[in-house]
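The values are calculated or read from the model by the stated rules, or taken from the named source; none is laboratory data. As the structure is a computational prediction, the values presented were derived from the model and not from experiment. Here Cβ is always computed from backbone atoms with ideal geometry, including for glycine, and neighbour counts include all displayed protein chains.
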């Protein structure tokens, strides 16, 4: 493993080993134990597009392991605006750091960067493309919450058409032999280029009521206003896919709800205090998972 | 006179592309830009064929195809045969193999793909030859069906 551009770059074995190491690193991620495994290493975080969670969790992960970070959170402060190409920028940064996290608004940018970099490139999200570390932390969360990663019935709800997190997660969960239930309005259903490649059982539904009591995990995504030409239609659809504590009475008591965050109205705040809510723990899990990945790529001592 | 009435005249030197998917000949001429190159070209369309019900045939005089032209041809009509004619005799006969990937030869239809936005970047596609022929952008992952490939 040299670069991590897409979750499909990682084998099932590599994913399992990252999740295992992430579990061991939880106390370090919480600051309860100290580690110097990446002492002296430098991570560059190059964010050509804003992202709070991804950037901050990478920086926390690196520093908890004794490494340091350089980088930028806003391309307006860089030579990018002077017309510098991504390739030139990456070649420069690769000379300054031991690994690079790249967030860029265009699809394929991380792949292009990986072709031009001596040091590992980690894709921190490329437009509507891939975001492999989000998938890893989603898998880690499911494993931690459910105590296993196989044989689960995982529901995905909301914008399945444009949501890149659910596309990558579907592929990854299929590798681990789970059943997937896709719940969305027809206009936002899971695209065929995703379902065509799924090696597991899956089904599509318009209403959550059809499957709620069978689900072990419910992964909720935001339905974005921009996807609807008509505001009335948006309000109608968004309302039909809201998760409230009332609705959850029909769910298994062990069912867990995940959400990549930020959340708007799709999960009512009254769900936060139920046993189902796992999304804040999921956000924390970004730290140990990224620590484990950085150790693998940078050859940190265990 | 009889020569002029014959459907096809043999050529002395050049290239005969045979077994082209029926109706695809014009697109091959356009995509390979063959007509602009000044040599005599004959296009036969919907010629009865033993292998398929009909085929197109292109005869190009005094010229052979370059590697990049052959690769484009393979994508446009995967089963086409290329015959090199020297002194009225077929000197070589090949089915052009499909390349595993093509570079700087087609355009990714995704406007937000880095290959369309980075100065100096070259497009790159892998070839997926399953039930139907598709190409896939190695950068953004977009898949394009054979009929929709936009060549440079």
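Given the conditions (1) free of Cβ contacts under 8 Å to residues at least 60 places away in the same chain; (2) surrounded by 14 or more Cβ atoms within 10 Å (Cβ to Cβ); (3) more than 18 Å from residue A:146 (Cα to Cα), report the number of the one that residue A:212 does not fulfil.
Of everything listed in (1) free of Cβ contacts under 8 Å to residues at least 60 places away in the same chain; (2) surrounded by 14 or more Cβ atoms within 10 Å (Cβ to Cβ); (3) more than 18 Å from residue A:146 (Cα to Cα), residue A:212 misses just condition (3).
Quick one: what pairs do we get from region A:288-302, first residue more than 15 Å from residue A:97 (Cα to Cα), second at pLDDT below 95 and surrounded by fewer than 21 Cβ atoms within 10 Å (Cβ to Cβ), C-beta under 7 Å, 6+ apart or different chains?
Listed pairs, sorted by first residue: A:296/A:1.
Which residues, counting only those in region B:137-150, are more than 10 Å from every other protein chain (Cβ to nearest Cβ), assigned to a strand (DSSP E or B) and either free of Cβ contacts under 8 Å to residues at least 40 places away in the same chain or surrounded by 14 or more Cβ atoms within 10 Å (Cβ to Cβ) (or both)? Before you say what the answer is, go through the steps one by one.
Within region B:137-150, the first condition is being more than 10 Å from every other protein chain (Cβ to nearest Cβ), and the residues that meet it are B:144-150.
Within this subset, residues satisfying the condition of being assigned to a strand (DSSP E or B) are B:144-145, B:150.
Within region B:137-150, B:144, B:145 qualify.
Any residue at all in region B:123-133 that is touching a residue at least 60 places away in the same chain (Cβ under 8 Å), touching a helix residue (DSSP H, G or I) at 6+ places or on another chain (Cβ under 6 Å) and over 25 Å from residue A:164 (Cβ atoms)?
No, that holds for no residue.
Among B:27, B:72, B:55, which is in contact with a strand residue (DSSP E or B) (Cβ under 7 Å, 6 or more places away or on another chain), buried (at least 16 other Cβ atoms within 10 Å of the Cβ) and part of a helix (DSSP H, G or I)? Reasoning before the result, please.
Numbers: B:27 fails: in contact with a strand residue (DSSP E or B) (Cβ under 7 Å, 6 or more places away or on another chain); B:55 fails: part of a helix (DSSP H, G or I).
Within the list B:27, B:72, B:55, the selection yields B:72.
Any chance region B:83-96 includes a residue that's touching a helix residue (DSSP H, G or I) at 6+ places or on another chain (Cβ under 8 Å) and either closer than 21 Å to residue B:149 by Cα or not in a strand (DSSP E or B) (or both)?
Yes.
What do you reckon, is residue A:238 surrounded by 15 or more Cβ atoms within 10 Å (Cβ to Cβ) and either within 18 Å of the chain's Cα centre (by Cα) or not assigned by TED's automatic domain parsing to the domain that holds residue A:139 (or both)? Show your work before the answer.
Working: surrounded by 15 or more Cβ atoms within 10 Å (Cβ to Cβ): yes; either within 18 Å of the chain's Cα centre (by Cα) or not assigned by TED's automatic domain parsing to the domain that holds residue A:139 (or both): no.
No: the conditions fail for residue A:238.
Is it fair to say residue A:18 is buried (at least 16 other Cβ atoms within 10 Å of the Cβ) and under 27 Å from residue B:141 (Cβ atoms)?
It is true that residue A:18 is buried (at least 16 other Cβ atoms within 10 Å of the Cβ) and under 27 Å from residue B:141 (Cβ atoms).
Which members of region B:109-125 meet the condition of being more than 8 Å from chain A (Cβ to nearest Cβ) and more than 14 Å from residue A:115 (Cα to Cα)?
Residues satisfying the conditions are B:109, B:111, B:116, B:125.
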